[in-house]
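To start, the structure itself, in structure tokens.
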Amino acid sequence: MKSNGRVLLLVGSARRPRSTSESLGTYLLEGLRKRGFETETLIIPKIFGSDEARNALLAATDRSDILLLAFPLYVDSPPALVIKGMELINRHRHAGQELKSQRLLVIVNCGFPEAQHNNTAIAICRRFSQEAGLDWAGGLSLGGGAAISGRPLVKMGGMVRNVIRSLDLASDALAEGNPIPREAVDLMSKPLIPSWVYMLLGALGWKRQAKRFGTRKKLSDRPY
Amino acid sequence: MKAVVLNGSEKGTSILDGAYKSILDELTALGWDVESFMLHDMKIHHCLGCFGCWVKTPGICVIDDAGRDIVKKVIRSDLSVFLTPVTFGGYSSELKKALDRIICLISPFFKKINGEVHHKHRYDRYPRMMYVGVLPRADAESERIFNTLADRNALNIRPPAHASGVIINNQSKKEIREDIQTLLRMVEVEK
């Protein structure tokens, strides 16, 4: 099969193997592979351990036509290592060489049920694409990412039907050289479950985890 | 009154120097006890996203490094100042590596605020927070994103007062000082 180009998935989560970012990015990457793209994945938290790994990031970036950046929301913005990666790529792209035409698609997920918490992170990524001379293909924003918690989307049934439809639409658009459509953005931002259910399950989940560590009665401690 | 200043400059750069000096000078002149941290000189591990600080060692990050010390300094301060080169509209990776670690200051449990879900407070009191960004040149879009990000941070931490502002690198010392004084007034800092 003739290659339509090369796609690099950058996963910005340190929570492997339970990374929702990786679940979302991998599904989209697989969709693009089926549409004739060559694919590659790098885990950002692994990149900053050595100069060799950093150089590998830049080399992988250089040989890609599409960059997919998938990360969890940390304190209303991309995690520190994702920002570090963006700083590195930006410097590299302005280091005297001719800028290769590349597209950037971003997928952000957060631990709040509402996807709108990700808006500022998406705006930061869009600004990055402008400063680095990348073509902005769009940003997909998911709330309640903990409900996926690293599971493969194809094994999750109806709860993620809008997520899958969104990523399929994104694959189609990228394969045709278009920005992702509004419908894909809207589908991804639909709540996975009602917010009151999410809050209830979240509270139960924290207590269950705390029980394992014997900290159930200490969850509201104020050590400082 | 104690102030903590986190300097998120990139090693080998000087873009924050004017704002940094002005913040330290103004707070000192107002009689504040100021402790500042040059983050690029500190070994601070990135947040693992493990939520250990919520369920395993509640309120304390599982990583025992300078990042843990900074969190303690921040919550025990009366004013925390976050200084950064505006980076794609947001914070630099140097400032963010410290900020990502402060989630242990809030509770894992949720509450609704104005119809939106946020985390509950862990502590009864939080410091006032001031976010100062520096841009090499005027850039309205980056400035808008920066101020929105600071407002979103404040909505999640809900400090008693917060302010944010962007300084342009070519401003005079006098202009920088006036901007810092304005921000300090906005967070109700007085002698």
Taking segment A:121-160 and the residues there that are among the aliphatic types (A, V, I, L, M) and free of Cβ contacts under 8 Å to residues at least 12 places away in the same chain, the one that is farthest from B:GLU143 (Cα to Cα) would be A:MET156
Within segment B:105-139, of all residues that are more than 21 Å from the chain's Cα centre (by Cα) and surrounded by fewer than 17 Cβ atoms within 10 Å (Cβ to Cβ), the one nearest to A:ALA210 (Cα to Cα) is B:LYS111
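Residue check: is A:GLU52 among the acidic types (Asp, Glu) and closer than 27 Å to A:GLY144 by Cα?
Considered against the rule, which asks whether it is among the acidic types (Asp, Glu) and closer than 27 Å to A:GLY144 by Cα, A:GLU52 comes out as no.
Output the residues belonging to segment B:152-168 that are among the aliphatic types (A, V, I, L, M), part of a strand (DSSP E or B) and either within 18 Å of A:ASP76 (Cα to Cα) or away from chain A (no Cβ under 14 Å) (or both).
Hits for segment B:152-168 are B:ALA163, B:ILE167, B:ILE168.
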Per the list (1) in a loop (DSSP other than H, G, I, E, B); (2) more than 9 Å from chain A (Cβ to nearest Cβ), residue check on B:TYR20 breaks on (1)
> When you look at A:LYS190, is it exposed (fewer than 14 other Cβ atoms within 10 Å of the Cβ) and either in a helix (DSSP H, G or I) or away from chain B (no Cβ under 14 Å) (or both), yes or no?
Replying inline: no
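Within segment B:91-101, is there a residue that is part of a loop (DSSP other than H, G, I, E, B) and more than 10 Å from every other protein chain (Cβ to nearest Cβ)?
Scanning segment B:91-101 turns up no residue that is part of a loop (DSSP other than H, G, I, E, B) and more than 10 Å from every other protein chain (Cβ to nearest Cβ).
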With criteria (1) at pLDDT 95 or above; (2) within 23 Å of B:SER36 (Cα to Cα), B:GLU188 comes up short on (1)
Just one listed residue, out of A:GLU40, A:GLU22, is closer than 26 Å to A:PRO152 by Cβ, touching a residue at least 40 places away in the same chain (Cβ under 8 Å), in contact with a strand residue (DSSP E or B) (Cβ under 6 Å, 6 or more places away or on another chain) and of a type in the set (D, E, K, R), and it is A:GLU22
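The values are calculated or read from the model by the stated rules, or taken from the named source; none is laboratory data. These numbers come from a predicted model, not from an experiment. Ideal geometry is used to build each Cβ from the backbone, glycine not excepted, and the neighbour counts take in all protein chains shown.
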